[in-house]
Structures are given as structure tokens and as C-alpha cells.
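> One structure is given below, represented as C-alpha cells, and several questions about it will come after.
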Amino acid sequence: MADVTKQDVLAVLAKVRGPDLEGDIVSRNMVSDVFISDSKVYFSITVPADRAQELEPLRVAAERTVKAMPGVKGALVTLTADRKAGSAPAPRPQPAAAQGHSHGHDHHGHSHSHSHAPAAGQQQPRAKSGVPGVGAIIAVASGKGGVGKSTTAVNLALGLQANGLKVGLLDADIYGPSVPRLMKITGRPQQIENRFIKPMENYGLKAMSMGFLVDEETAMIWRGPMVQSALLQMLREVAWGDLDVLVVDMPPGTGDVQLTMAQQVPLAGAVIVSTPQDLALLDARKGIAMFRKVEVPLLGIIENMSYFLAPDTGKRYDIFGHGGARGEAERIGVPFLGEVPLTIDIRERSDAGTPVVASDPDGASAKIYRDIAAKVWAELGGRTPREAPAIVFE
């Protein structure tokens, strides 16, 4: 059978209706350059920034249409929101006190109010107790799902370890734990003396995840307080031993888990993972605003899926709109930690549970993660974990 061509893909996409059912996405020039490698198809669809959220079904329809083509093994489609030339930039994040809170990510319907400085005569918030033997705890977060945050967290942890540090990895995504799969760890952890749990281990990295303790279906029915106690147990009742850094893979968005971590845990800093599209950056800003609100230092932004590296030629294609995260980081004064390309290699190794830093330590991708890890460690230099203000639920 002949290989699928760009023209074949565009002919099929010409049947996908544009927004408001006007025309189709090809005739409206919404489809980026189409890249095909190993029978897998990559492209992005440009949509107005303010409509990105509601046009997600358009992306799904385009991806499904291409995946259904004979000879296509897979498709990766993203939405790219280009700001029109001369349009006003997105509003600058306000200082903590004036910042409105984001919505739409909290499963439990809580209204998260702003953090309040204690008034005169009020007690200062209690200092949060650290984890014995653990030097710095850092959170890896994202404003939305689907940006490759867990893959980034795993490879960042392995990168820190490759740079000579003692590292642990805590999967704080209670509802969708992915560390067991990404780290290729199965089984149940052992309990040792004093009710402590021994962390699981692979690639020399100590890891803990709800996925080792309960089935996903069980965790899905948990309410906020159960999530909070499970998290603190995985943090404080696990025999982590002496660690320079504990990397915490946070769930996407800004909900209960993020608030629990920010309130109860002395976080040394947070790393935000975003993709290049302005669309994803708008979500990343919610995460940035939340950590600022609870006074957790921002160690920087990583731009994931920054550009596409062709596996056959090694040529670089900016099919997702490039450089958005770097510009955003500069604009809000947060360090830019680096760009991770979209490569089939990183993706397939992650899915197979053989993360690229461990399985191809001398490769180009591993070097990128090690460089990012070095920047994160430099940002941590001289930082002591600080206490967060109380957060009031109204």
C-alpha cells in the first residue's frame, strides 16, 4: 500500500467543518504544515485565542478523521491560538491580593478565596513541618492536562539524579496516577517499622504513587479530605531516606491537591510545564498565579513539545507555533528553564516505562532534561523552604 501523503491528509481534513460550520478547516487556512513520519501524522489547527476552549471538539474531530485513514498508525493534533498582530497581550497577572481565582478545575465545588495576611494581633500561620531527610521539595505543575507534565516530571527527576543528586519522585495525582506506568513499577510497597512504607524503586529513583496502593477506580470516588490525608501520608509516612530533592508530580489544574500541597508542605519551589501555544499558556498562567498567591517561589517554565524533531532527518519543524513559553516567562519575570522537543522517542519510551534519561542517557533528549535539571537546581541554590500563608475557604 502506498504511503499516506500530505495531500491525502488535507483531502480528508477538507471534510472537517470550520468553526460555526462555515467552510472547512483547510479552505479557511487553519491547518499548519502537515508532517508525516513512520505513518504517524502531526499538525496543528490555528483557532482564535478566545475560542480555543470551545473548539476542542474540532481538534478531536480532525484527529479522529486522520486516525481513521488507511495506512495511518496514529495522529497528534494540537490547537494553536495565534494572537492577531496588534492585538492587546493577555492581561498581566495581578499581585496576589488582587488576583481573581481561576475556575473550572476543582472537582469539589470549593470556592478558593485569596490568601490573607494575618491581621495585627492574629496568630501567624503555623510553620509547616518538612519531611525528615528531604532537602528540597519541588512541585511540577501545569494549568491543564495533556501537556506532558508527568513525562517531564519523571525525566526531570532522572535528570537531577544523573547530575549527581539523591532524588525521589512523588506522584500527587490521586485520580490519574501515571508514575507506575512511566517508571515501569508494579506491585505493592512493603510496610516497615512504625507504620512507615518503603518507597518503590526503579532506575535508582525512589518513587511513591497512589497507583501502588489502590486501584484507580477506588481513588475516583474519594472526596477532598481523603485526598488530603492520602497525600500527606505518602509524603510523611514513606521512608524516603536522605534525599537532596523530592520531585512532586502534581495533577493538572488548580484544585484540592495543589492547595493541600501549598498549605501543608514546605515547597521550595514550583516548575510549570506548558506547550508553545498561547492557548496552553493561558492555562499555565492560572498555575503561576496560584503559586504566587500562596507564596511558593516559581523556579521557572519548561516549554514541552516545543518543536518537532523529524526522526529520519533530525530536522526541526516549528509546527506548534514556537517560543510562546520563553516570551511569557520573560514577560512575567520567571526563569525560562528550556525547550523539550516533541519526538516520537520521548513519547514511546515514556509509554513503555523506559524514560529517555534512563534508557538513552547519552542521547540529545536526555541532555536537554539534564540541562533543565541543572537550571532547576541552580534556582534552588540557597533557597530554604518557606512557610505559606493560611488559605481561607469561604
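> Restricted to the stretch 138-176, and to residues that are closer than 20 Å to LEU232 by Cβ and open to solvent by 20 Å² or more (accessible area, probe 1.4 Å), which residue is modelled with the highest pLDDT?
Going through the qualifying residues, I end up with ASP173.
> On to the next question. What pairs come up if the first residue lies in the stretch 176-189 and is outside any loop (DSSP other than H, G, I, E, B), the second is surrounded by fewer than 21 Cβ atoms within 10 Å (Cβ to Cβ), and their beta carbons are under 7 Å apart, counting only those six or more places apart or on different chains?
Every condition considered, the pairs that remain are PRO180/THR186; PRO180/PHE212; ARG181/GLY353; LEU182/GLY353.
> Within the stretch 21-49, can you find the residues that are among the charged types (D, E, K, R), open to solvent by 60 Å² or more (accessible area, probe 1.4 Å) and free of Cβ contacts under 8 Å to residues at least 24 places away in the same chain?
GLU22, ARG28
> While we're looking at this one, here's another question. What's the number of the only condition in (1) part of a loop (DSSP other than H, G, I, E, B); (2) closer than 27 Å to LYS315 by Cα that ILE45 fails to meet?
(1)
> It is to be established whether one or more residues within the stretch 14-33 are part of a strand (DSSP E or B), out of contact with any Lys or Arg (no Cβ under 6 Å at 6 or more places or on another chain) and of a type in the set (Gly, Ala, Ser).
No, every residue in the stretch 14-33 fails to be part of a strand (DSSP E or B), out of contact with any Lys or Arg (no Cβ under 6 Å at 6 or more places or on another chain) and of a type in the set (Gly, Ala, Ser).
> Which of the residues spanning the stretch 189-228 are touching an Asp or Glu at 6+ places or on another chain (Cβ under 8 Å) and either modelled with pLDDT under 70 or among the hydrophobic types (A, V, I, L, M, F, W, C) (or both)?
Residues satisfying the conditions are PHE196, ILE197, ALA207, MET208, MET210, GLY224, VAL227.
> Looking at the stretch 136-147, I want the residues that are touching a residue at least 40 places away in the same chain (Cβ under 8 Å) and in a loop (DSSP other than H, G, I, E, B) and have a partner that is open to solvent by 10 Å² or more (accessible area, probe 1.4 Å) and among the small types (Gly, Ala, Ser) with Cβ atoms under 9 Å, at least 6 apart or on another chain. Which pairs are those?
SER142/GLY148; GLY143/SER102; GLY145/GLY176
> What about ALA364, is it open to solvent by 10 Å² or more (accessible area, probe 1.4 Å) and not charged (D, E, K, R)?
So ALA364 fits the description; yes.
> Residue under question is LEU231, and the condition is that it be buried (at least 21 other Cβ atoms within 10 Å of the Cβ), more than 14 Å from GLY145 (Cα to Cα) and not acidic (Asp, Glu); does it hold?
For LEU231, the condition - buried (at least 21 other Cβ atoms within 10 Å of the Cβ), more than 14 Å from GLY145 (Cα to Cα) and not acidic (Asp, Glu) - is met.
The values are calculated or read from the model by the stated rules, or taken from the named source; none is laboratory data. All of these numbers come straight from a predicted model, not from anything done at the bench. For neighbour counting, all protein chains shown are included, and Cβ atoms are generated from backbone atoms with ideal geometry for every residue, glycine included. Side chains are part of the model used for accessible areas, which takes the heavy atoms of the whole protein and leaves out ligands, DNA and RNA. Shrake-Rupley method; radii C 1.70, N 1.55, O 1.52, S 1.80 Å.
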